[in-house]
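*Asks:* Dropping a structure here in structure tokens format, bear with me for questions.
What follows draws every value from the coordinates through simple rules; no lab data is involved. Not measured: the values here are computed from a predicted model. Because the Cβ atoms are built from the backbone with ideal geometry, glycine has one as well, and the counts that use them run over all protein chains shown.
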Amino acid sequence: MQMSALWKNDSNPKMIKYEIRQLVETIDKQWFETISTIFNERHAKQEYEQLKSEYPGKYFELYRIEINEECLEFTNIHAQK
């Protein structure tokens, strides 16, 4: 029986997203807050550059995040009919 394209596991699809994070500081600690999540690299870089120019005293980082998904098992409901 031929499996549909939805169920094929020929490769591991990757979801790629870009996050812009800003350094947040208090008197006793500091951490990063994600301020934007974008799924297009060009748009992410544009927004990052815009934030740097609008807020020159703030610290920002641009991250590329790749998420791998791999289907290990599935129930073939079409074969059960």
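*Asks:* Kindly provide the chymotrypsin sites (Phe, Trp or Tyr not before Pro) of the range 41-81 that DSSP labels as loop, not H, G, I, E or B, and whose Cβ sees at most 14 other Cβ atoms within 10 Å.
*Replies:* Here the chymotrypsin sites (Phe, Trp or Tyr not before Pro) that fit, given the DSSP loop and packing criteria, are TYR59, PHE74.
*Asks:* Ok, one more. For TYR59, what residues show an amide H to amide H distance below 5 Å, using hydrogens built from the backbone and excluding near sequence neighbours?
*Replies:* For TYR59, the qualifying residues are LEU23.
*Asks:* If packing is taken as the average count of other Cβ atoms within 10 Å, what order do 32-38, 15-21, 67-73 fall into, highest mean first?
*Replies:* Top of the packing list down: 15-21, 32-38, 67-73.
*Asks:* Pull out a ≥ b ≥ c, the square roots of the eigenvalues of the alpha-carbon gyration tensor of the range 26-76, then state rounded if a/c is under 1.5, prolate if not and a/b is larger than b/c, and oblate in the remaining case.
*Replies:* oblate
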